[in-house]
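Heads up, the thing below is written out as structure tokens.
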Amino acid sequence: MRDLNIPEQRHPEKAHKPDNAQPKKPDWIRVKAPTSDGYKKTRDIMRDNKLVTVCEEAGCPNVGECWSQGHATMMIMGEVCTRACTFCNIATGKPPEDLDVFEPGRVASAVKKLGLNHVVVTSVDRDDVKDGGAEHFAQTIRAIRKQSPNTTIEILTPDFIRCDDSALETVVAARPDVFNHNLETVPGLYPEVRPGARYFHSLRLLQRVKELDPSMFTKSGIMVGLGEDKQSVVQVMEDMRAADIDFLTIGQYLQPTPKHHAVDRFVTPDEFANYEKTAFNKGFLMVSATPLTRSSYHAGDDFARLRAARLKALGH
Ligand code: SF4
């Protein structure tokens, strides 16, 4: 039995890699330790419902702030991912268990207990499951809708690269309010950063969501500080707009352990502000570009802005 708390067992494919120095974080990255009562309440609801969160598994710096407001991003389909992206701290390998048929109900129950207006649900990659977990996602969306009909639902999905078209169709047919799939980085860094994925496949996935349901909001994000140049980031914005993606997130990459991809540099808050301005000029309805931006950071407030921006664009 693996102990996922031991780094070499958490990431067996990275154990042999040389260490990359972890540079000291600049002042603008510092966050407060999680201690509030709200944080503890959220943690207890996650534990009681035996739920895994990306907030904890990925070591997200915003956990104190988000959980104090009940904003936890649940990660379905287990805690072991079949990919081995070099930036990610989720445990990797062959998942020990099949999908848990009771998990959609537990997620729905936790969403209700947290009283969320907006929830973000993500997952590990399950390349070992025929439909990539598409039906499991759909069941989770339906279970949340049933218990909390007024809660808006945002999903952050894998790329379903080994599945036929029906996998994506199944998820879209369950009608999440926001369909998010992260491109994560610029195309030139894919072989190093996201070796199991393909840039144009991910882009096409998002374009196809819009073709299947033009009313669905689409969202995608990248990390910066991985070694990309500004021109490549602007090209990604162009590509995303060509795929009709509504919402762009850009955040600073932070290196989880010495075995992970090295931080190339810390992008300054001014550079983030410039990315935000450029992205809005390219026509995104909503942009979040700050050092601590993550896909699910402030997702509820940003969803309200996204919806308002679409109504304004439609002249309402
Ligand atoms: S930003 Fe997202 S992943 Fe990070 S703590 Fe907040 S909800 Fe969780």
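The values are calculated or read from the model by the stated rules, or taken from the named source; none is laboratory data. Note that the structure is predicted; figures quoted are calculated from it, not measured. Heads up, the Cβs are rebuilt from the backbone with ideal geometry, glycines too, and the neighbour counts pull from every protein chain shown.
Annotations
- Residue match in the stretch 104-120 (condition: within 26 Å of Gly225 (Cα to Cα) and within 16 Å of the ligand (Cβ to nearest atom)): yes
For (1) more than 16 Å from the ligand (Cβ to nearest atom); (2) over 29 Å from Glu13 (Cα atoms); (3) under 20 Å from the mean Cα position of the chain (by Cα), each residue gets a yes or a no:
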position	(1), (2), (3)
Gln231	yes, yes, no
Ala243	yes, yes, yes
Asp246	yes, yes, yes
Val263	yes, no, yes
Glu271	yes, yes, no
Asn281	yes, yes, no
Leu285	yes, yes, yes
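- Residues being within 12 Å of Val178 (Cα to Cα), surrounded by 20 or more Cβ atoms within 10 Å (Cβ to Cβ) and out of contact with any His (no Cβ under 7 Å at 6 or more places or on another chain) - total across the stretch 284-305: 3
- Tally of residues being out of contact with any Asp or Glu (no Cβ under 9 Å at 6 or more places or on another chain) and small (Gly, Ala, Ser) across the stretch 272-299: 3
- Considering residues of the stretch 45-93 that are acidic (Asp, Glu) and either assigned to a loop (DSSP other than H, G, I, E, B) or under 14 Å from the mean Cα position of the chain (by Cα) (or both) only, the residue farthest from the ligand (Cβ to nearest atom): Glu79
- Pro176 falls short on exactly one of the conditions (1) in contact (Cβ under 8 Å) with a residue 60 or more places away in the chain; (2) closer than 18 Å to Met74 by Cα, and that condition is (1).
- Number of the condition not met by Asp301 [criteria: (1) within 16 Å of the ligand (Cβ to nearest atom); (2) in contact with a Ser or Thr (Cβ under 8 Å, 6 or more places away or on another chain); (3) outside any loop (DSSP other than H, G, I, E, B)]: (2)
- Check on Ile29, in contact with a His (Cβ under 7 Å, 6 or more places away or on another chain), among the hydrophobic types (A, V, I, L, M, F, W, C) and within 16 Å of the ligand (Cβ to nearest atom): no
- Residue-level check: of (1) more than 26 Å from Asn117 (Cβ to Cβ); (2) surrounded by fewer than 21 Cβ atoms within 10 Å (Cβ to Cβ), Pro214 misses just (1).
- Matching option when the condition is of a type outside the set (Gly, Ala, Ser), without any contact (Cβ under 8 Å) to a residue 24 or more places away in the chain, more than 19 Å from Asp127 (Cβ to Cβ) and buried (at least 20 other Cβ atoms within 10 Å of the Cβ), among Thr53, Thr73: Thr53
One line per residue, one yes/no per condition, for (1) surrounded by fewer than 20 Cβ atoms within 10 Å (Cβ to Cβ); (2) at pLDDT 95 or above; (3) closer than 23 Å to Ala289 by Cα:
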residue: Thr157; (1), (2), (3): no, yes, yes
residue: Phe160; (1), (2), (3): no, yes, no
residue: Glu169; (1), (2), (3): yes, yes, no
residue: Val178; (1), (2), (3): no, yes, yes
residue: His181; (1), (2), (3): no, yes, yes
residue: Glu184; (1), (2), (3): no, yes, yes
residue: Pro187; (1), (2), (3): yes, yes, yes
residue: Tyr190; (1), (2), (3): yes, yes, yes
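- Within the stretch 116-159, the residues that satisfy the criterion of being of a type in the set (A, V, I, L, M, F, W, C) and part of a loop (DSSP other than H, G, I, E, B) are Leu116, Val124, Val129.
- Count of residues meeting criterion [closer than 21 Å to Thr82 by Cα and either small (Gly, Ala, Ser) or surrounded by 21 or more Cβ atoms within 10 Å (Cβ to Cβ) (or both)] in the stretch 130-147: 7
- With respect to being farther than 18 Å from Pro258 by Cα, away from the ligand (no atom under 16 Å from the Cβ) and in a loop (DSSP other than H, G, I, E, B), Asp100 fits the description.
- Hits in the stretch 10-38 (condition: part of a loop (DSSP other than H, G, I, E, B) and within 17 Å of Asp264 (Cβ to Cβ)): Lys17, Pro18, Asp19, Asn20, Ala21, Gln22, Pro23, Lys24, Lys25, Pro26
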